[in-house]
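In what follows, a structure is listed as structure tokens, so that the remarks can point back to it.
The values are calculated or read from the model by the stated rules, or taken from the named source; none is laboratory data. Note that this is a predicted model, so its numbers are computed, not measured. Positions of Cβ are backbone-derived with ideal geometry, glycine not excepted, and every protein chain shown enters the neighbour counts. Calculation scope for accessible area: heavy atoms of the full protein, side chains included, ligands and nucleic acids excluded. Shrake-Rupley method; radii C 1.70, N 1.55, O 1.52, S 1.80 Å.
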Amino acid sequence: MTLESLSKPTPVLAAADDAGTASNSVSTPSATPPQLSQKILKEDAQGYITPVFEGKSDQLVQVVDLLDEKGFIPETLVENEAGWFYTHLGIDDQYFKHEKTDTISSIVLQLYAAKVSAFSRPDKDVEIRLDREEDDHAVYIDTSTPGVSVLQGPQFESRIDEKYLDVSTPEKAFRVETFRSNSPLIASAPTDQRLRCYFCYKCDFVNPTPDEGETDLAVVSDKTFLEKVTPNTKKIYQSVVTQVVERRTGPVIQMYEIEGSQERRLVVGYKQRSTMGMFSALSDLYHYYGCTSSRKYTEQFSNGVTVMSIYLSPLPPKPGRRSPKYPPIDDSVQQIMKEISLLFCIPQNMFQHRFIQGELSLQETIYAHCTSIFISHFLNRLGPEFEALSELLDIQKSEHAEILGKLKRRLRQETFTPEFIFEVIDQNPELVRALYLSFANTHYVQTRGDQDNFIPTLSYQRLQMDRVLSNEELETKIARTVANENQEKVMKMFIIFNTHILKTNFYTPTKMAVSFRLNPKFLPSKEYPQPLFGMFLTVGSEFRGFHLRFKDVARGGIRIVKSRNKEGWSINARSIFDENYNLANTQQRKNKDIPEGGSKGVILLDADHQDKATVAFQKYIDSIMDLLLPPTSPGIKDPIVDLHNKPEILFMGPDENTAGLVDWATEHAKARGAPWWKSFFTGKSPRLGGIPHDVYGMTSLSVRQYVEGIYRNLNIDPSTVRKLQTGGPDGDLGSNEILLSNEKYVGIVDGSGVIVDTNGLDHDELIRLAKARKMISEFDISKLSPEGYRVLVDENNVTLPNNEVVVNGTIFRNTFHLRSDIKYDIMVPCGGRPEAIDLANVNNLIKDGESVIPYVVEGANLFITQDAKLRLEKAGCILYKDASANKGGVTSSSMEVLASLAFDDKGFAEDMCVGADGEIPAFYKEYVKTVQRTIQNNARLEFEALWREAEKTGKPRSILSDELSVAITNLDEELQQTDLWNNVALRTSVLNEALPDKLIERIGLETILGRVPENYLKAIFGSYLASRFVYEYGSNPTQFSFFDFMSKRMAKLQD
């Protein structure tokens, strides 16, 4: 071999104008499910047309001159090397038109140097690693072996994902073209090294800001794309872009055969920023199935759509190359198409390296990825000491449960860390395969019979070739394989995971995230004494999430948890399930007199994806809906194995960081054909039938009943009461509390700071701020008395009227509620962080054994810990906790759900949806008033019940509140299991009382009973009877009380 032979210009890259093979070829769809194919396009399959750069020849001459000046390449080879780069690498004229000549000459020089280096190596391998990045374009040139993914090296495809594709938006997007040589760089070399070139270009869209829903490529395309694209490719892209926009979620996947060739064209479309790392992950996927790509294109569109087009071929024949595990190209591509949806959900899983190395399939690695997350949350790491302590304490007592909860969080931080769990799983790929087989044996559905071409290492073929081990055999295999007891505990959690999965969308052809409906019976009762009814786990590329509920019919908000940094994320990850459980449990107690039990959903954004809240929410909702809706589109949503085997409806609402997303969820449920779309989410816009809590003061109406109840029972004139409020006039609860109140405000704390006036803050000014939803930073301080002051969070070294110096405004704001020098009669927390008052700081509010605050009505959730509440009550404070005081919002949401279920679509649109012109239907106005009266009545009934019980028993109200909730929910469940429901006269009488009169008048009782699901009606029946009984007779009635209660009701039926 000579240097001359190395530099001989040989055609090594497919030219851009050969992008679709010969001009007379035809694209034909493969035999795949509907969404994975496309109608026959009877025209040429050519993909792109080579643009012409008129100055290319002159530029080549300049490059040759520069190379001559540098003198490194022999003069006789300069023209050959430059010509080889210009004419035989498939680089189109667009690159040369925009690149500088000195840059091109530098690249040619580096390529030649790599060849010289290869000549001196024993293996004759050419290693080329070139990259050039500018603001508007980038070039990467690399050598690699076709069909082989590598874990080392420059990782250009991953870099392209991170720098250009993952971050593309309509405002700034990049398109990518890449080409691979069709022959080895050195024919005689023992390895098959070929050249791959990547070109990234910043998009210049025809219309950067198209109308919403616009799909016309003539409007949303990049200008260069329109210049280069052939009619055939434009048709294909038009179809994909339209489907992505209209289908709203998940990838669109199409494949085309190239007539007379083994090459197949794979096209994948999805919404920008809805997945990450897809470009590089797809390479790993088709390499696993023995395919390589000659060229790939990634196009961006200004309507927020990304489309990738990949030309796939079998690996070039070579001794030992195409092993028996590789199927024919059609079967390979079909399997690739099936798994793209799984890849879309989690493009880069934590066991990806095992997939790249061919040791585990993609399905096996993602199964292991999801299971490792499950293990990290549920592997019991508390030990026998914790159980012994929990035996000594009374977990029914809230203060004991709170102490155990804090101890649990501390104990869970060490032994089985996520890193340890990963290491154990990663070391045991053989066990993963066996455990996955057990999972697949239960949940894989062979939808196409014998034509289902699952191939070796995947579900169907494994089930045909490998024996599925029983759980006992798996336990034995694990015990014989692992090194120690801790590793055994980790791997046995796979069995627990498998045996408690009731259904999953793992094998659904199109999905946005992986979801599992779990039987929660694996949870230890010592840690979670209140048993859950239902549990969902969702895993996406940007998040993990749970949804928990305590009853079949349950409702609660969905919150997104963000983290300041990776350390904060680790803390959140350790506590996220317990937080979810406790929030749902609180909701369960709060929902005591409505049909829905308590539920809650929590989405934890991954540490590196704190800006993906919207995408994570959409994936979370869509993946849960996969498990709620029956499949109606073969090939898009195929049947799943349902071990629960009962229909389920979830009722959700907004919570932290999700208030602006519920309209999307409602409309998405409608688009997916959910019959319950109207009731799926509360808190939606009035145009969708929602009743906004803040506009109508729903939560505040309940809080005010407790505040006014104290004044009423103690004969206090509200105008004489001095009041401190946390949560300012900018918030829902804070603003409405101001608007409804007539006390003398002496202090308000909100996000902007603190404002105080012991003579009373100007009421008119507070009303102005509350109506405008503005913080106290907007308060006109000229209206403060000489004793008044305001300290904002960004202020330092502020001197107060008493000459106290506030060094730091933020610290002053965060601790102001703990000061005892400001005299006030009642505190109403309407905002603030959870556990703002706890056992560690509550003594600041107790002087000489007496509470400095006479009355507290806890409007904000979890503002005071249970043990701190008990300390305040012991010191004489009259305190009503959040689970009782702020239930107005849940009552409003429940009645919103009821109306959504009772109306048909037409009636719902006419009577419950505010028109585009802002016109509010007459029925809507009346119904809102009914909701408000119901909230006030329920709150008044509970307040009086608690007051009577406290007077009679002397127990703290914080304990009585929990006892009342437990009594109602337990009796509710018992009543639903009795034959009382079958007493038609009693049932009709109870429902006539429980259902809103306006709804009965408008729709009719019989129609409501026919439309509302029976389990929901039973829940109304049980909750109404239970709450009315307990409110009248207390939480510990005599054994004859219920008989007396029911006798009175039955007597009424006789009248």
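Note on Asn713/Lys823: beta-carbon distance plugged into 1/(1 + (r/R0)^6) with R0 of 25 Å gives a FRET efficiency of 0.65.
Evaluating 6.51 cos²θ - 1.76 cosθ + 1.60 at θ = phi - 60° for every residue in the stretch 734-746, the Karplus couplings come out as x, 5, 6, 5, 5, 5, 8, 9, 9, 7, 9, 6, 9 Hz, glycine and proline recorded as x. Distant-in-sequence amide contacts of Val229, defined by a placed amide H-H separation under 5 Å and a gap of 5 or more residues or a different chain, comprise Ile49. Shown in residue order for the stretch 936-943 are the 3J(HN,Hα) couplings computed by the Karplus curve 6.51 cos²θ - 1.76 cosθ + 1.60 at θ = phi - 60°: 5, 5, 4, 5, 5, 4, 5, 4 Hz (x for Gly and Pro). Amide H to amide H distances under 5 Å link Gly747 with Lys723, Gln725, Asp757, where only residues 5 or more positions off or on other chains count and H is placed in the peptide plane. For the chain, averaging the sequence separation of C-alpha pairs within contact (under 8 Å, six or more residues apart) and dividing by the residue count gives a relative contact order of 7 percent.
Computed extension length for Asp979-Leu739: 81.7 nm, one decimal, from 0.36 nm per residue of separation with the Cα-Cα distance subtracted.
Listed peptides 580-586, 934-940 appear in the order 580-586, 934-940 once ranked by packing, highest mean of other Cβ atoms within 10 Å at the front.
In terms of the mean number of neighbouring beta-carbon atoms within 10 Å, the peptides 685-698, 1033-1046 order highest first as 685-698, 1033-1046. Only beta bridges with both residues in the stretch 363-688 are counted; by DSSP, about 65 percent of them are antiparallel. When the chain is described by a simple charge dipole with +1 on each Lys and Arg Cβ and -1 on each Asp and Glu Cβ, the residue from Val662, Phe1042, Phe1029 located farthest towards its positive end is Phe1042. The stretch between Lys771 and Ala840 holds 21.2 nm of extra length on full extension. This uses 0.36 nm per residue minus the Cα-Cα distance. Between Gly653 and Gly556, Gly557, Ile558, Thr682, the built amide H atoms are under 5 Å apart, and every one of these is 5 or more places off in sequence or on another chain. Quick one: grab the alpha carbon gyration tensor of the stretch 363-688, order the square roots of its eigenvalues as a ≥ b ≥ c, and give me rounded if a/c is under 1.5, else prolate or oblate depending on whether a/b is larger than b/c. Since a/c reaches 1.5 but b/c is at least a/b, the shape of the stretch 363-688 is classed as oblate. Centre-to-centre separation between the Cα atoms of the stretch 758-824 and those of the stretch 847-885: 23 Å. In this structure the stretch 363-688 gives 38 Å² per residue of accessible area when probed at 1.4 Å with all protein chains present.
Counting protein heavy atoms only, the chain has 49 percent of its accessible area on carbon and sulfur, 1.4 angstrom probe.
Relative to the longest principal axis of the Cα atoms of the chain, the long axis of helix 1041-1054 lies at roughly 90 degrees.
The distance between label points at Asn486 and Asn759 comes to 6.7 nm (points 7 Å beyond Cα on the Cα→Cβ vector).
At what distance in angstrom do the alpha carbon centres of the stretch 71-96 and the stretch 605-628 lie from each other? Here the answer is 48 Å between Cα centres.
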